[in-house]
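A quick write-up on the structure given underneath.
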Amino acid sequence: MKKIIFLFVLTTTLFSCSSDDNSNQTKVLQKVVFYRNSSNEKHWNFKNNLLKDITLADGTIAEEFIYDNQNRLIRDVKYTNGVATETDIINYNADNTIKSINGLPYTFDVATRTYDYTYGSSFTINCQVNSDFLAENFVRTGTNAGEYHMTYANGNMLSFEKSTSGVTDVIKNFHFIGSVVEGGEVFKAILAVARVKSLTDPNFFIDCQVSKNSPMGFDKGITDPYYYNYGAIVNMDGTLLEVGIEVLDSSNNAVDLYSFADYYYQ
């Protein structure tokens, strides 16, 4: 674990010394590329400090986000092979809670911070959210039944768990002890999208982007013998430039190293 941290700190120092002339300039997040050079590569593109769209490695659009004049997400358009195939239209109550999606009503209990939705006899959704209106406990019964459970502290997501029929499919426990790298710019830019995804697609949360700090690493529970250690290259102004993941075995020996995210600013 020490090896990758030292490597990234050294690289940060070299980069920072070469960028002093730009240290006083305001940087605006333009793009984050996740899992570069893999089958899961995705480009998150930002405009006016909001997530504008998601594209594939070849530039093909995969998803587009449209906002109102209050920066609330009002339309989420999904694409297949560059063609729009699914659209979610979101309406809000006066208190900015979600009123309906595609004309179908959601009720919100202020006391328990819980959304409820029933689609006839086909399925129901019950979703408890935190103070940022991000999913904590999401339960869907009926068709496509499943559960998601997330925990948070100090603006950071500490765990993500997905299960089907009582069997855990995915679990990630994120570790922030010693983290000094802020990820708040991404958190703010995707918050409106994440609030809607809390009800439509909680799998959006799987990589911990809804956190105000960048985690130091994560584990996948007791059934996985590895620890996934993040290493970050950071500019002098604190902005993230690159994050990699080193996979460590129980003896802290590296067994894999791959790119997680590259950040681009304007």
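The values are calculated or read from the model by the stated rules, or taken from the named source; none is laboratory data. Everything numeric in this text was worked out from a predicted model, so none of it was measured. Please note: Cβ atoms are built from the backbone with ideal geometry, for glycine as well, and neighbour counts cover all protein chains shown. Side chains included, ligands, DNA and RNA excluded: accessible areas come from the protein's heavy atoms. Shrake-Rupley method; radii C 1.70, N 1.55, O 1.52, S 1.80 Å.
Quick rundown of the values:
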item: Selection of trypsin sites (Lys or Arg not before Pro), the range 74-140, meeting DSSP coil and at most 16 other Cβ within 10 Å; result: R113
item: The chain - mean residue ellipticity at 222 nm from DSSP helices (-39,500 (n - 2.57) per run, n ≥ 4, rounded to 500); result: -4000 deg cm²/dmol
item: Accessible area per residue, Å², the range 63-128 with all protein chains present, probe 1.4 Å; result: 58
item: Within straight-line cross-link reach of K78, lysines at Cα separation under 17 Å, skipping those fewer than 8 residues along the same chain; result: K42, K52, K197
item: Of all accessible heavy-atom area on the chain, the percent that carbon and sulfur account for (1.4 Å); result: 51
item: Over the range 192-248: Kirkwood hydrodynamic radius from C-alpha pairwise inverse distances, Å; result: 13.4
item: Top of S163, S39, S100 by mean-square fluctuation, Gaussian network on the chain, Cα under 10 Å; result: S39
item: Degrees, to the nearest 10: 184-200 long Cα axis against longest axis of the chain; result: 30
item: Calculated P(r) of the range 88-229 - Cα pairs past 24 Å, %; result: 34
item: Å² of accessible area per residue within the range 132-265, as computed with a 1.4 Å probe and no ligands counted; result: 44
item: Percent breakdown of C-alpha pair distances by 5 Å bin, ordered from the shortest bin, for the chain; result: 1, 5, 11, 15, 18, 17, 14, 9, 5, 3, 1, 0, 0
item: R0 of 30 Å, Cβ-Cβ distance T118-I66: FRET efficiency to nearest 0.05; result: 0.65
